[in-house]
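The values are calculated or read from the model by the stated rules, or taken from the named source; none is laboratory data. Small disclaimer: the values here were computed from a predicted structure and weren't measured. Cβ placement follows ideal geometry from the backbone for every residue including glycine, while neighbour counts extend to all protein chains displayed. When the accessible area is computed, the model is the full protein with side chains, heavy atoms only, and any ligands, DNA or RNA have been set aside. Shrake-Rupley method; radii C 1.70, N 1.55, O 1.52, S 1.80 Å.
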There are 2 protein chains.
Amino acid sequence: MIDLYGMSSPNVVKIILMLEEIGTPYRFHPIEVWRKEQFGEAFRALNPNSKVPVIVDQDGPGGEPYTVFESGAILTYLAEKTGQLLPAAGRARYDVLQWLTLQLTGLGPMFGQYVHFTRFEPNASDYARSRYTTEAVRLIDVLNERLTHVPYLGGDAYSIADVATYPWIARLEALKLPVDGRDALLRWRDTVANRPAATRTALRTIEIQQAGDASRAAATADDLDRMFGRGRYAHQAS
Amino acid sequence: MIDLYGMSSPNVVKIILMLEEIGTPYRFHPIEVWRKEQFGEAFRALNPNSKVPVIVDQDGPGGEPYTVFESGAILTYLAEKTGQLLPAAGRARYDVLQWLTLQLTGLGPMFGQYVHFTRFEPNASDYARSRYTTEAVRLIDVLNERLTHVPYLGGDAYSIADVATYPWIARLEALKLPVDGRDALLRWRDTVANRPAATRTALRTIEIQQAGDASRAAATADDLDRMFGRGRYAHQAS
């Protein structure tokens, strides 16, 4: 049994999609990120970095409970534990790890900044909006180009690279990012969306989102400042 | 023999430090990132995402040359190939992978944005400067807290989590980020800095930096716009 702590963000949806794909039973525990629960002592004991998702595998290494944070580490842990969605060796393994890592370091953080400066803080900085829009579009085009050559991001087989990337790409239109002419990316997205695990994940995510919306409605201004990382330190440089 | 393509950025320094640690022979190939070489066809054949570092292992899987991009994937590839700096299984393996991934998704991208908005574009946005300063300081404190409990980021042993994190932490003062009171982090930094591989890496990095400075001096305004990701797409959202 896996205990999954999170909310409805793409990084959490990755893990739901993975758990649905590999068929491992799990329990979902909502974290009230809009109300600073991730900065509290109980959550920081799970992840000192105060971010969701986190899992606790009740049947971890040596049969003991084991806690894993960072979505990329969780995907790798679950893949290696179950022998699914990540080849054990050879070129196919590292092709998957390269495209997984590009999601973790590029698509994830940069789409995150794009959302911050377009949806949550649209008046903060024209410069930042343009910067992150440029980078988000560039990354979309890198993925589309990759998928003109291979059916899945890692190559011939569906893998944790696809699991990690899909939740952001599923939302392109909602994020007002371009899809026109990105035919290979859209074809790949349809293929992933049609997997039964993706359907189950979408239904689960809607439930979680609705519960999160209720929590968010109760957040204070201070809660939201902290959640959004609006910045509390004066710039240190001269 | 490993061919390493890069410049003097922290993501490349990670790989130099790793290669020096594991004792694998390598050749360094400078990429003129200030002059858009990473966007050219030759480099995109190595990494379609136009980022350094990239390695080509002339003795890759099956004895054939193999290309790896993304510093986190390169570190994992080299660790698994040589059996060094990443345990093969168990809690110790995933403790390392969690802290490695936190560097890849948090420290790296957020320090990168901090540098952009404080050093390269200090007048672009007060809001963005404050946001990324806040996040950089928060991450420094997360690392310091971790290192009050364990000697290395992954736990008891030096690992690729330390290799990935050290190049940014080595520069804290130069980046005008706070170190006072972060005693555990500074103790860890000294320990890593005193490794012979770190000394060799520092000398190598200075050579590479000097060559890079000469290349940068020849860059045009358009080159720099593209290198800095200043943004060329109008914001798409309404």
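A few notes on this one:
- For the protein assembly as shown, a simple Cβ point-charge model (Lys and Arg +1, Asp and Glu -1, everything else neutral) yields a dipole of about 640 debye relative to the Cα centre.
- Looking at region A:90-193, the accessible area is 33 square angstrom per residue; that uses a 1.4 Å probe and ignores ligands, DNA and RNA.
- Entry note, chain B: relative contact order of 25 percent, from Cα contacts under 8 Å with a spacing of 6+ residues.
- Net charge dipole, region B:153-197: roughly 140 debye, given to the nearest 20, about the Cα centre with Cβ charges of +1 for Lys and Arg and -1 for Asp and Glu.
- Environment charge of B:ARG119, counting only residues whose C-beta is closer than 12 Å and scoring Lys/Arg +1, Asp/Glu -1: +2
- Positive dipole terminus of chain B, leading residue within B:SER159, B:PHE228, B:GLY23 (C-beta point charges): B:PHE228
- In region A:137-238, the GluC sites (Glu not before Pro) that fall in loop regions by DSSP, at most 13 other Cβ within 10 Å: A:GLU173
- Projected area averaged over orientations for region A:111-216, convex hull of C-alpha atoms, nm²: 7.5 nm²
- A simple charge model with +1 on the Cβ of Lys and Arg, -1 on the Cβ of Asp and Glu and nothing else charged puts the dipole of region A:90-193 at about 140 debye relative to its Cα centre.
- Set of lysines with alpha-carbon distance to B:LYS176 below 25 Å, sequence-local pairs under 8 removed: B:LYS14
- Buried solvent-accessible surface, both chains (A, B), 1.4 Å probe, Å² to nearest 100: 5600 Å²
- Ranked from shortest, the separations from the 7 Å Cα-to-Cβ label point of B:ALA211 to its equivalents in the other copies are 5.5 nm.
- Since only A:LEU143, B:ASN123, B:LEU203 are under comparison, the one whose Cα sits farthest along the positive direction of the charge dipole of the protein assembly as shown, derived from C-beta charges on Lys, Arg, Asp and Glu, is B:ASN123.
- Cα-based reach from B:LYS36 at 18 Å (exclusive), listing aspartates and glutamates while leaving out same-chain residues under 8 positions away: A:GLU135, A:ASP141, B:ASP213, B:ASP222, B:ASP223, B:ASP225
- Length added when fully stretched, B:GLN209-B:MET1, from 0.36 nm per residue minus Cα-Cα: 72.6 nm
- Scanning chain B for trypsin sites (Lys or Arg not before Pro) lying in DSSP loops with no more than 16 further Cβ atoms inside 10 Å, the longest uninterrupted stretch between such sites is B:1-170.
- Solvent-accessible area of region A:56-171 (1.4 angstrom probe, protein heavy atoms only): carbon and sulfur portion equals 49 percent.
- Projecting the Cα atoms of B:SER50, B:THR82, B:LEU100 onto the charge dipole of region B:48-108 (Cβ charges, centred on the Cα centre) puts B:LEU100 farthest toward the positive pole.
- Only beta bridges with both residues in chain B are counted; by DSSP, about 65 percent of them are antiparallel.
- Chain A: proportion of alpha-carbon pairs further apart than 21 angstrom, %: 60 percent
- Among beta bridges from DSSP that stay inside the protein assembly as shown, the antiparallel ones total about 65%.
- At R0 = 41 Å, FRET efficiency that the Cβ-Cβ distance of A:THR82 and B:ARG44 yields, to 0.05: 0.75
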